[in-house]
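The values are calculated or read from the model by the stated rules, or taken from the named source; none is laboratory data. The structure presented is a predicted model; accordingly, all values stated were derived computationally and were not measured. Cβ sites come from the backbone with ideal geometry, for glycine too, and all protein chains shown count toward neighbours. The protein model used for the area step is the full one, side chains on, heavy atoms only, and it has no ligands, DNA or RNA in it. Shrake-Rupley method; radii C 1.70, N 1.55, O 1.52, S 1.80 Å.
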Amino acid sequence: VLSNVEEIAELYRELSQHPGLSAACLGPDVTTQYGGKYCSLYTEWSQRDLARAENVKFCRQYLIFHDGASVVYSGPAGTCSEIKDELLSRESPSGVLKAVLRKVPSKEKEKEKQFLEVWDQNRKVKSIDLTALDKHGSVYDDDQFGCLAWSHSETHLLYVAEKKRPKAESFFQSKAPELGASDEDAGRPGKDDAPLKGEQFVYREDWGEALSTRSVPVLCALDVEGSSVSVLEGVPEHLSPGQAFWSPDDTGVVFVGWWHEPFRLGLRHCTNRRSALFYVDLTGGRCELLSEDTRAVWSPRLSPDRCRIVYLENDALGPHQQCSRLRMYDWYTKHTSTVLEAVPRQAWGAFPGIYCGALPGLCWAADSRRLVLDTAQRSQQDVFVVDTVTGATTSLTADAPQGSWSVLTIDRDILVARFSTPSCPPTLKVAILPGSGWEAQAQWVCLQDAPPVPGISWGIRTLQPPPEQEHPQYSECPGGPGWAPPPPSSPDTPHPASAGGLDFDAILLRPSEGSTAQKHPLVVMPHGGPHSVFTAGWMLYPAALCRMGFAVLLVNYRGSLGFGQDSVASLPGNVGTQDVRDVQLCVERVLQEESLDTGRVALVGGSHGGFLACHLLGQFPDTYHACVVRNPVVNIASMVAATDIPDWCLTETGLPYAPDTLPDPAQWTEMLCKSPMHYIDQVRVPVLLMLGEDDRRVPPKQGLEYYRALKARGVPTRLLWYPGNNHALAGVEAEADGFMNMALWLLKHLRC
């Protein structure tokens, strides 16, 4: 195992330089004098810059020559260049214009300004200082609410911004009277710009983790010709609008509205928040509901012929991530249909279900009938084409290399995707979508390759829990072994689904270089969520650990996405038992079947993965020899009042959630019994904790609670505290420092 600090740092520097592929946009087709066609492809990438301690964005262009059925030739057009201060950008429908939202440092050392720019093909034609116009607060550039949408006529731009707040001042603010104004006029409350007294310290709710500056979003429109901005009216007061686009005739706006009463809950990674699709008519201000208003919806996408809108739908509340439905609204008949239902159980050869945070921004085929999407299929991610009329699905990556495929864009049936594996960083692929009714597979062409990282071999294994593990017993408190909570009190109460017959996967990375007789130490990594999934794509930490000489086991325990809705539903009410035993079963099986060092096994996990790591330390203390956790959940009972997702605490414990929920003593006990703190007295191995100071999801007091409990029991522990970092600990400096400290902790305590 690599143990030299400088060599480990150099290894991390090398692997962290592999860029990620974030966006792609196809330009208009150009016909050559010989009748052939080509188009440009604009791509955006991001890369960690350790010297600057930031993520840098850069762009690169490519040319694609095609005949409408296949790619004839493709290649890069020039080198890459860094993108500075762009928050959002969007090409117009014709491809002639491009809108850019840009942040610009202010000369007066005040907060940065925001400009909305319009470019044609050779120059900047508009630059509008949105901060100076002062019609609204900051423009949203997130992927939850944010949008930058051209009208079909290319005369207007639509975006989302924070609602302008009135100025506030102290009751005792002294100021000079205005010239020419009477005493009665000065500071009169009726004046438009008069500051409000007593409003300085009013609490404003926000949308939680990673959205702490988002409170009251408003829809805004820029008249490109007149350079004027208007805040659109007609959105009901109880809704927060986002993900908006222009209606087919440009007379109104379609948007997703999230209910924010009685209070806002965290929205990031929570596709279970009550929301619906709406249309607001800009001529009369009338707001119309387009979908059911008791569900959770997101990702609306308008077809090229402007007749249909597809969107994703989940049940409101329940697990934060689920197997989603694909719904379609016909603009002219007003009819809504279900294109794809949730899939109860995944079966190879059949469509696995939809498990994705969003549909691609452009996902429709040119025929306005089919669309493409990517979704988890057990432990890999694949691309499918869906016929919205028949509901038929076809994999476009079934015959392609196994790994993680993501759709970046599709335009005029030219399909652009990203592909990676645990040993191959992201690559850029392009294909022509086969015609409707064709059985032919997409012929993928690589536009930007990434050389495979040497020294890593990987594979996916499937595990079937033994019968006694299929239906876990509840935790052994408060009524002793076999105790079960009282039956659900109402039909709406979540109840654990039958886990019978469900299996799960794990991805094992192994060093492929060095002596075959050498037994490698094992790092076990369960994912967070718990309803998420490791797909067989590029991941920096596992790859770097593997290159150091560790085998790495990524466990997709029951409850993970990609295995059917029954698997998702099997976990709530069984956290701390089912998921823990799945991971332990996987570890024991791998240690039996692979040549690994059973005396050097460590745990690494974040969030719910940290919850599982801490559980495993207490429930199976003889298996593990070191542990590293990032923002772990350690006590559900103490987390419920501090997190931005209190519903998670109750739902995953198996309890009903309502906004006015006040758990009774038995429910508090149940939350504690399902928590790692319940097993703290059995923990013996050294634990390294990494906490983000700004974490709203699992507040750092969770990790501090565990740290103090370990210290009080004499267990070796160390805590790293990262200011300016939230739940993901994704700041470049925190990520790099976290890796180095993790690596050194494992080397020290596994005696490598």
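Structure values in brief
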item: Amide proton proximity set for Leu97, modelled H, under 5 Å, gap of 5+; result: Ser92
item: Cα-based reach from Lys711 at 21 Å (exclusive), listing lysines while leaving out same-chain residues under 8 positions away; result: Lys701, Lys748
item: Computed E for Glu108/Gln402 - FRET, C-beta separation, R0 51 angstrom, nearest 0.05; result: 0.40
item: Stretchable slack from Arg286 to Arg412, in nm (0.36 nm times residue separation minus alpha-carbon distance); result: 41.9 nm
item: Rel. contact order, % - alpha carbon contacts under 8 angstrom, at least six apart, the chain; result: 9 percent
item: 5 angstrom amide H check on Lys113, placed H, neighbours 5+ away; result: Val104, Ser106
item: Using a Förster distance of 35 Å, the FRET efficiency for Phe263-Thr336 (Cβ separation, nearest 0.05); result: 0.75
item: Per-residue HN-Hα couplings for the stretch 385-390 [Karplus 6.51, -1.76, 1.60; θ = phi - 60°; Hz; x = Gly/Pro]; result: 10, 10, 8, 6, 7, 9
item: Contact order relative to length of the stretch 4-132, as percent, for alpha carbon pairs under 8 angstrom and 6 or more apart; result: 13 percent
item: Proximal aspartates and glutamates relative to Lys164, as straight alpha-carbon distance under 18 Å, when same-chain residues fewer than 8 apart are discounted; result: Glu110, Glu112, Asp129, Asp134, Asp141, Asp192, Asp193, Glu199, Glu205, Asp206, Glu233, Glu237
item: Contour minus Cα-Cα distance for Asp223 and Ala642 (0.36 nm per residue); result: 146.5 nm
item: Sum of side-chain charges, Tyr311 neighbourhood, beta-carbon under 12 Å (Lys, Arg +1; Asp, Glu -1); result: +3
item: DSSP bridge orientation in the stretch 1-140 - percent antiparallel, rounded to nearest 5; result: 100 percent
item: The stretch 244-361: C-alpha gyration tensor shape, a/c 1.5 cut-off, then a/b vs b/c; result: oblate
item: Relative contact order of the stretch 282-369, pairs being alpha-carbon contacts under 8 Å that are 6 or more residues apart, as %; result: 25 percent
item: Per-residue ³J(HN,Hα) for the stretch 60-67, Karplus 6.51 cos²θ - 1.76 cosθ + 1.60, θ = phi - 60°, Hz, x for Gly and Pro; result: 8, 10, 9, 10, 10, 9, 8, 10
item: Charge context of Ser291, other residues only, Cβ under 12 angstrom, K/R +1, D/E -1; result: +1
item: Using θ = phi - 60° and Karplus 6.51 cos²θ - 1.76 cosθ + 1.60, couplings along the stretch 444-453 (whole Hz; Gly, Pro as x); result: 7, 10, 8, 8, 9, 8, 10, x, x, 6
item: Estimated FRET transfer efficiency when R0 is 30 angstrom, pair Lys519-Asn741 (beta carbons, to 0.05); result: 0.75
item: Per-peptide average of other Cβ atoms within 10 Å, ordering 324-330, 736-742 highest first; result: 324-330, 736-742
item: Residue list for the stretch 69-85, given a label point 7 angstrom along the Cα-to-Cβ vector of Val56 and an amide N cut-off under 15 Å; result: 79-85
item: Overall Cα dimensions of the stretch 406-473 - principal axes, largest extent first, Å; result: 54, 38, 19
item: Probe 1.4 Å, accessible area per residue of the chain, Å²; result: 42 Å²
item: Accessible surface of the chain [probe 1.4 Å, protein heavy atoms]: carbon and sulfur percent; result: 51 percent
item: Rounded Å value of the spacing that divides the Cα centres of the stretch 627-671 and the stretch 307-385; result: 30 Å
item: Rg/Rh (Cα only; Kirkwood hydrodynamic radius) as it applies to the stretch 610-709; result: 0.98
item: Built amide H within the under 5 Å cut-off of Ser22, gap 5+; result: Glu44, Trp45, Ser46
item: Violating pairs (Cα-Cα greater than 18 angstrom) within the set Lys107/Lys167; Lys84/Lys124; Lys175/Lys197; Lys135/Lys167; Lys113/Lys135; Lys111/Lys167; result: Lys107/Lys167
item: Inter-part distance where the stretch 696-735 and the stretch 503-574 are each reduced to a Cα centre, Å; result: 22 Å
